[in-house]
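Taking it in order: structure first as structure tokens, then the write-up.
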Amino acid sequence: FGIKKSSISRKFIRTSGKRLENFLNRPLSEEDIVAIFIDGKHFAGNEIIIAVGVTIHGEKIILGFVESGTENQEVCKSFVQELIRRGLNTENEILFIIDGAKGLYNGIKAALGEKALIQRCQWHKRENVVSYLGKKHQSEFRKKLQKAYNASSYEEAKKGLQSIKRELKLINGSAVSSLEEGFEETLTLHRLGLFSELGTSFKTTNCIETLNHQLAIYTDRVDCWKSSDQRQRWVGCSLLEIEPRLRTVKGHKHLRELRQQMKTIFIKQQKIAA
């Protein structure tokens, strides 16, 4: 058609730049967010930390992303504070689903304090624990950990994990330390009494890891990343393409109950602190 490649390239840069700016600044005040998945994706030598919100109706919304060298506390704190600046409602408590990254945990807590309840990914915890074991024990304890985490009540799940911990003490003390680290955060849904209803959606970070896989379908096509601006434009435009296809979370009818249970726990903590 007589159109130069450079003309198309300049057109794409301008258009994607505008889409990125609108994406990173779109207001969140109209969204009633009850849960947020946060996870990082290795991307062209850096880390892209993405936040996906879940509304009270179970719809998924990509809240934003930040580019960083690592998932450190200050970056994660600033990221959450930026979401608040854009209108994220923090009057109600929010459930955050994360992997085992301490930077994410500390950053969220620094930004929101007790308003943030943390659900640690049970899959990551299980795999971290068994990674300390020899191959002959890995399959056995993977099944035992999965069985304990699948218990419907907090008391039953905790009892099962305590039993596993006693067994591990005879085999590998480092595996015990791994299990103890963030122990209660892996059972947050159990403590809220909603594991059976919402465990499929919120017990792991599968939701955002699936998103990262979809993002790779777009961005893996690029062989040469020249600048941060280029990376962020591609990530932003790709996330906007993916967002309309995100499915409603399973168990969404119980999200109002989740909010009420989080409020109850927050009030109890406030009374204890007083």
Rank His124, His254, His42 by accessible area, highest first, at a 1.4 Å probe radius?
His42, His254, His124
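Test of understanding: what is the full-extension gain from Arg247 to Ser131, defined as 0.36 nm times their sequence separation minus their Cα-Cα distance?
Values: separation 116, 0.36 × 116 = 41.76 nm, distance 3.23 nm.
Length gained, Arg247 through Ser131: 38.5 nm.
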Which entries of Lys125/Lys169; Lys102/Lys125; Lys109/Lys158; Lys109/Lys263; Lys165/Lys271; Lys136/Lys159 have Cα-Cα distances beyond 21 Å here?
Lys109/Lys158; Lys165/Lys271; Lys136/Lys159
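Over the chain, with every protein chain in place, what whole percent of the accessible area is carbon and sulfur at 1.4 Å, could you tell me? Write down the numbers at each step before the final one.
Numbers: 6980 of 14170 Å².
Carbon plus sulfur share of accessible area: 49 percent.
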Given labels modelled 7 Å from the Cα in the Cβ direction, how far is it in nm from Ala274 to Asn89?
2.4 nm
If you restrict to DSSP beta bridges whose two residues both lie in segment 10-156, what percentage is antiparallel, to the nearest 5?
70 percent
How much solvent-accessible surface does Lys250 expose, in Å² to the nearest 10, with a 1.4 Å probe and all protein chains in place?
140 Å²
Pop the C-beta distance of Ser227 and Arg166 into the FRET formula with R0 = 41 Å and round what comes out to the nearest 0.05.
0.15
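Based on DSSP H runs of at least 4 residues, each adding -39500 (n - 2.57), what is the mean residue ellipticity at 222 nm of the chain after dividing by all its residues, to the nearest 500 deg cm²/dmol?
Helix contribution divided over all residues of the chain: -17500 deg cm²/dmol.
So, with +1 on the Cβ of K and R and -1 on the Cβ of D and E, and no other charges, what is the size of the charge dipole of segment 1-154 about its Cα centre, to the nearest 20 debye? Don't skip to the end; give the middle numbers.
On the way: 25 positive and 17 negative charges, 174 e Å.
Roughly 840 debye, rounded to the nearest 20.
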If the cut-off is a Cα-Cα distance under 25 Å, which lysines reach Lys11, setting aside same-chain residues fewer than 8 apart in sequence?
Lys226
Can I get the semi-axes of segment 1-105's equivalent ellipsoid? Compute them from the C-alpha gyration tensor as square roots of 5 times the eigenvalues, in angstrom, largest first.
30, 19, 11
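Counting only C-alpha contacts under 8 Å and six or more residues apart, can you give the relative contact order of the chain as a whole percent? Don't skip to the end; give the middle numbers.
Numbers: 391 pairs, mean separation 59.3, N = 274.
Computed over the chain, the figure is 22 percent.
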Can you work out the PRE-style zone for Lys102? Point 7 Å along Cα to Cβ, and I want the residues of segment 155-191 with backbone N under 15 Å.
177-183
Under a 1.4 Å probe, what is the accessible area of the chain per residue, stated in Å²?
52 Å²
Row for segment 179-221, column shape: gyration tensor on C-alpha, a ≥ b ≥ c, rounded if a/c < 1.5 i.e. under 1.5, prolate if a/b over b/c, else oblate; value oblate
Counting only DSSP beta bridges with both residues in the chain, tell me the antiparallel percent, nearest 5.
70 percent
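Which order do Arg86, Arg247, Arg191 take when ranked by solvent-accessible area (1.4 Å probe, heavy atoms of all protein chains), largest first?
Numbers: Arg86 20, Arg247 190, Arg191 95 Å².
Ranked from most to least accessible, the order is Arg247, Arg191, Arg86.
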Please report the Cα spread of segment 12-168 along all three principal axes, rounded to whole Å, starting with the longest.
58, 37, 26
So if I restrict to the alpha-carbon atoms in segment 107-228, what is the Rg, and what is Dmax, the biggest pairwise distance, in Å?
17.4, 53
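The values are calculated or read from the model by the stated rules, or taken from the named source; none is laboratory data. These numbers were taken from a predicted model, which means no experiment stands behind them. Cβ: placed from backbone, ideal geometry, glycine included. Neighbour counts: every protein chain shown. To get the accessible areas, we keep the full protein, side chains included, count just its heavy atoms, and leave off ligands, DNA and RNA. Shrake-Rupley method; radii C 1.70, N 1.55, O 1.52, S 1.80 Å.
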